[in-house]
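**Q** To start, I am sharing the structure in question, which I have written as structure tokens.
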Amino acid sequence: MNDRMTQTRLWLATALLAFALAGCGLFPDVKDETAGWSAEKLYGSAHDAMLEGNYTRAIKLFETLESRYPYGRYAQQAILEGAFSNWRANEQAAATAACDRFIRTYPNHPNVDYAYYLKGLVYFREDQGLFGYVYELDLAERDPKQMRESFAAFKELVQRFPDSRYADDANLRMRYLSNAIGMYEVNVARYYYNRGAYIAAANRAQAALIITPQTASNEPALDIMIKSYEKLGLTQLADDSRQILVKTFPDSVYVKGTPPKPWWKFW
């Protein structure tokens with residue numbers, strides 16, 4: 001019985017091996033269309049694919065170019081344009097890794113400022129806008145890491161290359177991000193205040209003042225500080241915060257109150 005089972009297993013193994021070997025001839029060899037392509041042709045095809053919005057193909061061709069021709073201007077450009085293609089394909093990790101690799105490998109390259117700028121763009125969630133950043137669920141559990149990463153990249157660009165063609169736009173985005181980060185802190189503070197955690201609310205509102213001074217987020221931050229200190233019975237701190245609010249934002253709705261609606265407005 002055992003001999004028969006052994007023979008059966010051997011027969012099955014032999015049959016499977018024969019099928020596998022025969023199967024190798026059932027499928028045609030997959031040919032690499034880029035075999036024999038020069039660095040110039042690889043770059044041109046990848047660049048065209050990128051311009052056409054075919055980012056998947058562009059990424060593949062740029063990677064092939066880098067692996068076959070790791071040196072020279074085409075390889076350098078492949079890193080930057082590969083980073084751009086990955087960004088447009090929503091491959092954030094690959095895009096930032098490429099930017100960092102370019103900065104590390106070619107710190108004196110004429111286009112290294114663009115690598116910093118692109119890295120800032122990768123982290124900049126432009127599609128969601130300001131309120132996409134700050135009005136999230138579970139605010140107390142979230143950390144605006146991407147905003148900070150974006151700000152840091154733009155800041156380094158501006159500091160290292162103040163005359164860069166990208167510096168003005170980077171400065172605008174930094175101001176936007178600074179206020180967005182401040183508003184994030186304000187909304188976290190408001191989250192805590194609405195749940196009766198007044199110490200945490202005051203601390204987060206104060207953080208908005210310290211981290212992002214001279215931004216629009218300072219106005220609601222001071223209001224939350226005043227209300228939180230009042231709830232805690234800290235009269236002097238509440239008065240001090242109110243004086244700062246009045247002096248800094250004399251026309252604030254938190255100072256003058258919301259103006260009444262005209263009698264003829266029903267909305």
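The values are calculated or read from the model by the stated rules, or taken from the named source; none is laboratory data. Not measured: the values here are computed from a predicted model. Cβ atoms come from the backbone with ideal geometry, glycine included; neighbour counts cover every protein chain shown. All accessible areas refer to the heavy atoms of the entire protein, side chains included, with ligands and DNA or RNA removed. Shrake-Rupley method; radii C 1.70, N 1.55, O 1.52, S 1.80 Å.
**Q** Placing unit charges on C-beta atoms (Lys and Arg positive, Asp and Glu negative, everything else neutral), compute the dipole magnitude of the stretch 73-123 about its Cα centre in debye, rounded to 20. Show your work: numbers first, answer last.
**A** Details: 5 positive and 4 negative charges, 15 e Å.
Dipole magnitude for the stretch 73-123 comes out near 80 debye.
**Q** Please work out whether the stretch 39-112 counts as rounded, prolate or oblate from its C-alpha gyration tensor, where a ≥ b ≥ c are the square roots of the eigenvalues and a/c under 1.5 means rounded, while otherwise a/b larger than b/c means prolate and anything else oblate?
**A** Here the stretch 39-112 falls in the oblate category.
**Q** Using a 1.4 Å probe on the protein heavy atoms, what percent of the accessible area of the stretch 146-267 belongs to carbon and sulfur?
**A** Answer for the stretch 146-267: carbon and sulfur cover 55 percent of the accessible area.
**Q** Could you calculate the contour length gain from ASP239 to VAL253, that is, 0.36 nm times the residue separation minus the distance between their Cα atoms, to one decimal place in nm?
**A** Working: separation 14, 0.36 × 14 = 5.04 nm, distance 1.71 nm.
Additional length available on full extension: 3.3 nm.
**Q** Further question: Compute the length gained on full extension between LYS231 and ALA35: take 0.36 nm times their separation in residues and subtract their Cα-Cα distance, giving the result in nm to one decimal.
**A** Full extension of this stretch gives 63.3 nm more.
**Q** With a/c under 1.5 counting as rounded, go ahead and sort the stretch 175-242 into rounded, prolate or oblate using the C-alpha gyration tensor (a ≥ b ≥ c being the square roots of the eigenvalues; past the cut-off, prolate if a/b is larger than b/c, else oblate). Mind dumping the intermediate values first?
**A** Numbers: a/c = 2.81, a/b = 1.58, b/c = 1.78.
It is oblate, given that a/c is not under 1.5 and a/b is not larger than b/c.
**Q** Within the stretch 37-90, what whole-number % of the accessible surface is contributed by carbon and sulfur, with the 1.4 Å probe and all protein chains included in the calculation?
**A** Values: 1370 of 2890 Å².
Roughly 47 percent of what the probe reaches on the stretch 37-90 is carbon or sulfur.
**Q** Report, as a whole number in µm² per second, the diffusion coefficient that Stokes-Einstein gives for the stretch 154-267 at 37 °C and 0.692 mPa s using the Kirkwood radius over alpha carbon pairs.
**A** In µm²/s, the coefficient rounds to 208.
**Q** Run the quick spin-label model on ASN203 and GLN159: label points 7 Å from Cα toward the beta carbon, then report their separation in nm to one decimal.
**A** If labels sit at ASN203 and GLN159, their model points lie 2.8 nm apart.
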